[in-house]
Amino acid sequence: MILGIDASRMTSEASTGVEFYSRGIITWILRLLKEQAKRPRREVEVVLYTPQKLDVNCDQRVIPFPRLWTQIRLSYEMLINPPDVLFVPSHVIPLIHPKKTVTMIHDVAFRYLRDAYSPFQYYYLNFSAWFACKFAYKILVPTNAVKQDLLRFYNCDPKKVFVVPHGMDAPAAPEHFSENREREILMRFGIVPGMRYILFIGRLETKKNLLRLLRAFAEFVKKHPDYKMLLCGKRGIGFEKIWQVMEDNGLWNKVLLPGYINEEEKHLLLKNCAIFALPSLQEGFGFPILEAFYYKKPLFTSDILAIREVAGDAAMFINPYKEKEIADGLARLADNKKLREKLIESGAKQVKKFKWETSARKILKILLS
């Protein structure tokens, strides 16, 4: 049996959620198949399809193409040399694909927040979700919330939709990390020892609800002047509005926008933050939730279905559309040490429920059935 995997999202160094997922799940699928090869019940040959060479010990079909790689180049590869099963970890399946094509649809936030996407993004994602619901052999989703969205918006057959939560392994701490090195890196972000700051990591765009978070923070900081905020990530759609809110509220000395951060920087910022904020208007899962739990940070987040599924009772939930509730919630969390400790304790238990190995075993069972 030949199992083909779309590994195109593993080529990006600047990982967002989908890239992070692709790297994690493919790594564990390969690891489990290698273990199974020692006690074979069924021979499985894996082929990774990628636009550029990967640092992975596995058969790779390197097929470069400048644009629309999935729909043109991967479709052609499926036409001339299809695998028995194709797994696409990143939502969009090629127009030409094997009968047994399985994909992970991470969310359909574009159906709720159309203005947060360009017209091309919206129509492409909408078509891709419809196409997958109609033609994919099986569909994976990370939460029941996303499954219900597929049933609601695309009348998807519930029998072919499987909820497989994402996973997380303990992040590898940077090697040979001295206190001086740590202090030096934090100083780049304007952080000195003992400074308290609220951390957000993700794309800086309107669907992450950063406009309301910033306006709420402007109120919060009036009574908590010792706090700062870091918004870390690449610029996305609506960034100019974020910039304007910063300007209108005089937040340039209180809010830092360092752009995309690498894994070393992310490790340090998570390790030292006082509160982790994820005020999104929509999420399909939310990897930063698990990172906050792992680093034992109190999570301040939106009361929406998918986040409720992942976070359980280990977060402080707020209505993401009400700025006053966001500001009051930040103040309550900042002022209540017992509440922070309770959330941290609950989060440390909750994160143990999400393992890449568990996710990979479930997905392999579906792929090989």
Suppose the filter is among the basic types (Lys, Arg), surrounded by fewer than 20 Cβ atoms within 10 Å (Cβ to Cβ) and part of a loop (DSSP other than H, G, I, E, B); does LYS365 pass it? no
I'd like to verify a number: residues in the stretch 90-113 that are more than 19 Å from PHE285 (Cα to Cα) and not hydrophobic (A, V, I, L, M, F, W, C), how many? 6
Identify the residue in the stretch 118-177 that is hydroxyl-bearing (Ser, Thr, Tyr) and in contact with a strand residue (DSSP E or B) (Cβ under 8 Å, 6 or more places away or on another chain) and, among all such residues, is nearest to ARG235 (Cα to Cα). THR143
By residue number, the members of the stretch 296-339 that are out of contact with any helix residue (DSSP H, G or I) (no Cβ under 8 Å at 6 or more places or on another chain) and surrounded by 24 or more Cβ atoms within 10 Å (Cβ to Cβ) are SER302
For the stretch 33-84, name all the residues that are within 24 Å of ARG361 (Cβ to Cβ), surrounded by 10 or more Cβ atoms within 10 Å (Cβ to Cβ) and without any contact (Cβ under 8 Å) to a residue 24 or more places away in the chain. LYS34, GLN36, ALA37, ASP59
Any residue that is without any contact (Cβ under 8 Å) to a residue 24 or more places away in the chain and farther than 30 Å from LYS223 by Cβ - is there at least one of those in the stretch 333-352? yes
Pick from the stretch 162-213, criterion in contact with a Lys or Arg (Cβ under 7 Å, 6 or more places away or on another chain) and part of a helix (DSSP H, G or I), ranking: farthest from ALA334 (Cα to Cα): THR206
Index of the failed condition, LYS147 passing every other in (1) of a type in the set (D, E, K, R); (2) surrounded by fewer than 19 Cβ atoms within 10 Å (Cβ to Cβ); (3) closer than 27 Å to VAL351 by Cα: (2)
Of (1) outside any loop (DSSP other than H, G, I, E, B); (2) touching a Phe, Trp or Tyr at 6+ places or on another chain (Cβ under 7 Å); (3) touching a residue at least 40 places away in the same chain (Cβ under 8 Å), GLN282 satisfies every one except (1)
Working only within the stretch 57-104, note down all residues that are among the β-branched types (Val, Ile, Thr) and either farther than 20 Å from GLU19 by Cα or part of a helix (DSSP H, G or I) (or both). THR70, ILE72, ILE80, VAL85, ILE96
Scan the stretch 292-321 and report the pairs whose first residue is over 21 Å from CYS273 (Cβ atoms) and whose second residue is in a loop (DSSP other than H, G, I, E, B) and of a type in the set (S, T, N, Q), with Cβ atoms within less than 7 Å and a gap of 6+ or a chain change. ASP303/ASN319; ILE304/GLN282; ALA306/THR143; GLU309/THR143
Suppose the filter is more than 15 Å from GLU323 (Cα to Cα), in contact (Cβ under 8 Å) with a residue 24 or more places away in the chain and among the charged types (D, E, K, R); does LYS234 pass it? yes
For SER22, indicate whether it is small (Gly, Ala, Ser), assigned to a helix (DSSP H, G or I) and not assigned by TED's automatic domain parsing to the domain that holds PHE285. yes
Do we have any residue at all in the stretch 217-224 that's modelled with pLDDT under 90 and within 17 Å of ASN253 (Cα to Cα)? no
Would you say ASP157 is of a type in the set (Asp, Glu) and under 18 Å from PHE287 (Cα atoms)? no
Could you tell me whether LYS34 is in a loop (DSSP other than H, G, I, E, B) and over 25 Å from the mean Cα position of the chain (by Cα)? no
Taking the criterion of being in contact (Cβ under 8 Å) with a residue 12 or more places away in the chain, in contact with a helix residue (DSSP H, G or I) (Cβ under 9 Å, 6 or more places away or on another chain), under 26 Å from GLU291 (Cα atoms) and among the basic types (Lys, Arg), would at least one residue in the stretch 92-105 satisfy it? no
Among residues of the stretch 243-261 being assigned to a loop (DSSP other than H, G, I, E, B) and either crowded, with 23+ Cβ neighbours inside 10 Å or of a type outside the set (S, T, N, Q) (or both), the residue farthest from the chain's Cα centre (by Cα) is GLY250
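For every residue, the table says whether it meets (1) out of contact with any strand residue (DSSP E or B) (no Cβ under 7 Å at 6 or more places or on another chain); (2) surrounded by fewer than 20 Cβ atoms within 10 Å (Cβ to Cβ).
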| residue | (1), (2) |
| --- | --- |
| ARG183 | yes, yes |
| TYR197 | no, no |
| GLU205 | yes, no |
| GLU263 | yes, yes |
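The values are calculated or read from the model by the stated rules, or taken from the named source; none is laboratory data. Fair warning: this is a prediction, and the values are worked out from it, not measured in the lab. When we count neighbours, we look across all protein chains shown, and the Cβ atoms used for this are built from the backbone with ideal geometry, even at glycine.
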